[in-house]
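**Q** Would you mind keeping the following structure in view while I ask a few things?
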Amino acid sequence: MDLQLTEEQTMVVDMVRRFVRREIVPLEDKLDPDTDELPEEDHGRLVAMVKDMGLYGLDIPPDYGGPDIDMVTRTLIAIEMSQHRAGLYAPCYGVFGGAGLAQLFEANDDQKQRYLYPTLRGEKKVFFGLSEPSGGSDPARAIQTRAVRDGQDWVINGQKLWISGADKADYGLLFARTDSDKGRSGITCFIVETDWPGFHVRRIVHTLRSARYATELQFTDLRVPDANILGEVNKGFAIANDRLSRQRIPYAAVCIGVAIKAHELAVEYAKIRHTFGAPLASRQAIQWMLVDNEIDIETSRWLTLVAADKARRGDPFRKEAGLAKLVATEAGGRVVDRCMQIHGGLGVAKDMPFERWFREMRIRRIGEGPNEVQRHIIARDILGMSLR
Ligand SMILES: Cc1cc2nc3c(=O)[nH]c(=O)nc-3n(C[C@H](O)[C@H](O)[C@H](O)COP(=O)(O)OP(=O)(O)OC[C@H]3O[C@@H](n4cnc5c(N)ncnc54)[C@H](O)[C@@H]3O)c2cc1C
């Protein structure tokens, strides 16, 4: 892998950095600390600017109107784009499409007309429904939601838990068991609309996240036509798995961006804050925290870029994406924690973004596959064992 950024990459990174510092940070400074969405007019203006810069929908293939930007450059952009208070949300201002969209590029023409294109135009929202009360780490075994054939339709009964944004979505990808004897080969992906009879948002689940939440869903005789099967019957698990591996790279990248921003704030503060007649920056205890931040940031950055480079080349990248997700989420949490400590009382006040990043970073060790599961995947890869 070439460690030197190309001229084009340097230019794009500079452009995004200026955009974040000039346009996003000043607006977010005025926001309620627990909100991550700007007023509609500001949000719309930023999305228009992202479009003008040619960065809208980085995960949308060029054939569908997305920019033709390689995975390494996309990762560099995500790292820059997240250096602000709501930075842990990769879909911020349309830079990434969000959950569920990636799989729809594999949909048939009819499904693309009904779901993909309206979503790309911003007219419809999608959710990704895999996890259930019975477990999210090992969905191949845990999925209990069942779909049973009835004429030209399927009838779905069951529950999902932790599903982000389902209460505001128009439709979603719903993974259900269609053959109970076949484990991961018995799961099918259905496209379901949220206003169909039998689809019910049972409750909102509040978490450490303040502004965003998850939902619990209930399906009671939810009737889905054959035409709404994404891919093939019993081949849905591969659809879910592919999405999870790909998502881990931008998921890691935004943690790195937030860690960089937190570290930058701590470095500035350590220079100006005095205790016992000297700046914090002169104390070895503080210097070592800053050095440890550098170690965490650089380790995460390079592991994530290596995963992105493998994905760009079309090489297998499952292990590298898992390593990047694991290291960046844990390192990001440590960096934010140290920066909080350096800021003293101010570190835990809502005047500063640390307490919010601290909460959000904690969730990241669980979301997109808990870190223990990443270790499980990597260990199996090292030992040459198949995943069971
Ligand atoms: C805020 C939020 C939003 C989410 N959004 C979505 C969404 O939109 N769509 C969706 O489908 N899911 C979503 N999830 C679900 C998320 O992916 C799951 O929470 C996650 O996969 C873990 O599943 P679980 O909570 O059932 O924990 P479990 O599977 O019960 O695991 C519990 C714990 O056991 C440990 N563990 C598990 N397996 C192993 C192992 N092999 N070795 C060692 N330890 C292990 C881990 O520490 C894990 O945290 C979301 C979760 C949260 C918190």
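**Q** If you roll a 1.4 Å probe over the heavy atoms of the protein chains, what accessible area per residue do you get for the chain, in Å²? Please list the in-between numbers first.
**A** Values: 18400 Å² over 388 residues.
Ligands and nucleic acids excluded, the figure is 47 Å² per residue.
**Q** While we're on this one: Once the other residues with Cβ under 11 Å from the Cβ of residue 296 are scored (Lys, Arg +1; Asp, Glu -1), what is the net sum?
**A** On the way: positive: 301, 334, 338; negative: 292, 294, 298, 330, 337.
Charge balance in the 11 Å sphere: -2.
**Q** What share of all Cα pairs of region 199-239, in percent, falls into each consecutive 5 Å distance bin?
**A** 5, 17, 14, 16, 18, 16, 10, 3
**Q** Another question about this same structure. Using only the Cα atoms of region 124-207, build the gyration tensor, take square roots of its eigenvalues as a ≥ b ≥ c, and label the shape rounded, prolate or oblate: rounded if a/c is under 1.5, else prolate if a/b is larger than b/c, else oblate.
**A** Judged from the Cα gyration tensor, region 124-207 comes out oblate (a/c at least 1.5, b/c at or above a/b).
**Q** Give the long-range amide H neighbours of residue 214: residues separated by 5 or more places, or on another chain, with amide H under 5 Å away, using H modelled in the peptide plane at 1.01 Å from N.
**A** Residues meeting the amide H criterion: 205, 207.
**Q** Around residue 147, with a cut-off of 14 angstrom between Cβ atoms, what is the net charge of the other residues, counting Lys and Arg +1 and Asp and Glu -1? Walk me through the numbers before you get to the answer.
**A** Working: positive: 146, 149, 160, 177, 182, 223, 235; negative: 132, 150, 153, 179, 221, 226, 232.
With Lys, Arg at +1 and Asp, Glu at -1, the net is 0.
**Q** Continuing with this model, one more query. Convert each backbone phi in region 332-344 into a coupling constant with the Karplus relation 6.51 cos²θ - 1.76 cosθ + 1.60 (shift: θ = phi - 60°), then list the ³J(HN,Hα) values in order as whole Hz, x for Gly and Pro.
**A** x, x, 5, 4, 4, 4, 5, 5, 4, 4, 5, 7, x
**Q** Enter the mean projected area of the convex hull around the alpha-carbon atoms of region 7-103, in nm², rounded to one decimal.
**A** Convex hull of Cα atoms, orientation-averaged projection: 6.3 nm².
**Q** Let me ask something else. Mind ordering 126-139, 330-343, 369-382 by average Cβ neighbours within 10 Å, highest first?
**A** On the way: 126-139: 19.7, 330-343: 22.5, 369-382: 15.9.
Result, highest mean first: 330-343, 126-139, 369-382.
**Q** How many percent of the alpha carbon pairs in the chain exceed a separation of 30 Å? Numbers along the way, then the final one.
**A** Details: 31650 of 75078 pairs.
Looking at the chain, the distances longer than 30 Å represent 42 percent of pairs.
**Q** If you roll a 1.4 Å probe over region 7-103 with all protein chains in place, what percent of the accessible area is carbon or sulfur? Intermediate results must be reported in sequence, preceding the final value.
**A** Working: 2180 of 4420 Å².
The C+S portion of the solvent-accessible surface of region 7-103 is 49 percent.
**Q** Counting helices only, and only those DSSP H runs with n ≥ 4, report the 222 nm mean residue ellipticity of the chain as the sum of -39,500 (n - 2.57) divided by its residues, in deg cm²/dmol to the nearest 500. Show your work: numbers first, answer last.
**A** Working: 13 runs with 173 residues, N = 388.
The per-residue figure over the chain is -14000 deg cm²/dmol.
**Q** Okay, moving on. Among residues other than residue 10 whose Cβ falls under 14 Å from its Cβ, what is the net charge (Lys/Arg +1, Asp/Glu -1)? Walk me through the numbers before you get to the answer.
**A** On the way: positive: 17, 18; negative: 2, 7, 8, 14, 80.
Within the 14 Å Cβ shell, the charges total -3.
The values are calculated or read from the model by the stated rules, or taken from the named source; none is laboratory data. Since the model is a prediction, treat every value here as computed from it, not as a measurement. For neighbour counting, all protein chains shown are included, and Cβ atoms are generated from backbone atoms with ideal geometry for every residue, glycine included. Each accessible area value is taken on the protein alone, full model and side chains, heavy atoms only, with ligands, DNA and RNA left out. Shrake-Rupley method; radii C 1.70, N 1.55, O 1.52, S 1.80 Å.
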